[in-house]
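What follows is a single structure, written as structure tokens, with notes after it.
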Amino acid sequence: MREYMFYFKSALLVSAFCLLPEIVFATEDEAFTESVVIFNTICAKCHEAQCSGRLSFDDSFEASVNHIVRYYGEASEKKWLQRELFVILNHMKEQCAYYPMPTPIPPQRVWSGEMLEKMAMLVERNYFIPIGSFTPGRYQLELKLAKDAKVTVHLVSETFDMVVEDCYFSSDRRIVVPFSIEEGGNHYVRIYPRKPVQITRLAITPLAQSSVILEEDDSYVIVEVKGEHKLEDPIVKAKQEFAEQIAVASGMQYKIIGGQEA
Ligand code: HEC
């Protein structure tokens, strides 16, 4: 009986040990994810799309410590962070891809502040967010911020094509960025606030394409939805005039409306 108890206790102990590493991994995972965000927002300025396939050797790690610290001072006392950044650079070189992040894409493509927290740098508040796979079409990205701020937004494809690269000033703590995807595949959002600010929500929604609506009096209306900031765009205006001529000639009406009215 005594012996039994002993085995039972040690079995408990073993299972406790088995549980422990999982807990450790969970926090390690988050720390590593922050390193991926650091690499993809700071180091990527020069090392993005560096796809030599050639790995860097350990001695080049020692040689590059000063270099790493020059671009990210916070890493100076953190040997583990320098190592992780080195591992992530090697992944970029070998796989020609961003390091995979264990962050799920919400089904409706609406991220809460809490979800975004895991894809942010704690102090500087740079964000790197995998937004999932897109088919070609027009979309709108909406950001909500904890306070009004100036931020640079990048939207990058998995082949490192920049779809959006612009600076925005929020109004009412909100930024709306319409964009077009021409080549399908995974995409990523990168956010650099001028001053640290928390992003409290990110939502990406498809924008309606031009569509033909049958009005009550049996005439047709072609409705084109454009992002608000594009309404004054000379190309959009020229397109509007041309479409109006065609529409009138064929007994249709052409209406152009802002993305927010749609
Ligand atoms: C302003 C551009 C720039 C930035 C920013 C930058 N690097 Fe570099 N890095 C270079 C250049 C140029 C080289 C030398 C050429 C090469 O090997 O690609 C280099 C080399 C390296 C090497 C040695 C690579 C090898 O193959 O031997 C490592 C490691 C490295 N960088 C890591 C980083 C990390 C980590 C960051 C972010 C904290 C970073 N770099 C930020 C430009 C940059």
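Looking at Leu122 and the list (1) modelled with pLDDT of 95 or more; (2) in the same structural domain as Val164 (by TED's automatic domain parsing); (3) outside any helix (DSSP H, G or I), which single condition is not satisfied?
The single condition Leu122 does not satisfy is (1).
Looking at the range 47-71, which of its residues are part of a loop (DSSP other than H, G, I, E, B) and either within 7 Å of the ligand (Cβ to nearest atom) or within 21 Å of Tyr98 (Cβ to Cβ) (or both)?
Within the range 47-71, Glu48, Ala49, Gln50, Cys51, Ser52, Gly53, Arg54, Leu55, Ser56 qualify.
Results for (1) surrounded by 16 or more Cβ atoms within 10 Å (Cβ to Cβ); (2) over 11 Å from the mean Cα position of the chain (by Cα); (3) assigned to a helix (DSSP H, G or I); (4) in contact (Cβ under 8 Å) with a residue 12 or more places away in the chain, shown as yes or no for each residue.
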residue: Phe86; (1), (2), (3), (4): yes, yes, yes, yes
residue: Glu94; (1), (2), (3), (4): no, yes, yes, yes
residue: Pro130; (1), (2), (3), (4): yes, no, no, yes
residue: Ser133; (1), (2), (3), (4): no, yes, no, yes
residue: Gln140; (1), (2), (3), (4): yes, yes, no, yes
residue: Lys147; (1), (2), (3), (4): no, yes, no, yes
residue: Val163; (1), (2), (3), (4): yes, yes, no, yes
residue: Cys167; (1), (2), (3), (4): no, yes, no, yes
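Take the conditions more than 14 Å from the chain's Cα centre (by Cα), of a type outside the set (D, E, K, R) and closer than 21 Å to His47 by Cα and apply them to Ala120. Does it pass?
So Ala120 fails the test.
Return the only residue of Arg109, Arg70 being at pLDDT 95 or above and surrounded by fewer than 13 Cβ atoms within 10 Å (Cβ to Cβ).
Arg70
Tyr99: touching a residue at least 40 places away in the same chain (Cβ under 8 Å) and not in a strand (DSSP E or B), yes or no?
Criteria met by Tyr99.
Which of the numbered conditions does Ala149 fail, given that it passes all the others? Conditions: (1) within 10 Å of the ligand (Cβ to nearest atom); (2) more than 16 Å from Glu34 (Cα to Cα); (3) at pLDDT 95 or above.
Unmet for Ala149, out of (1) within 10 Å of the ligand (Cβ to nearest atom); (2) more than 16 Å from Glu34 (Cα to Cα); (3) at pLDDT 95 or above: (1).
The values are calculated or read from the model by the stated rules, or taken from the named source; none is laboratory data. All values reported here derive from a predicted model rather than from experimental measurement. Note that each Cβ is placed from the backbone with ideal geometry, even for glycine, and that neighbours are counted across all protein chains shown.
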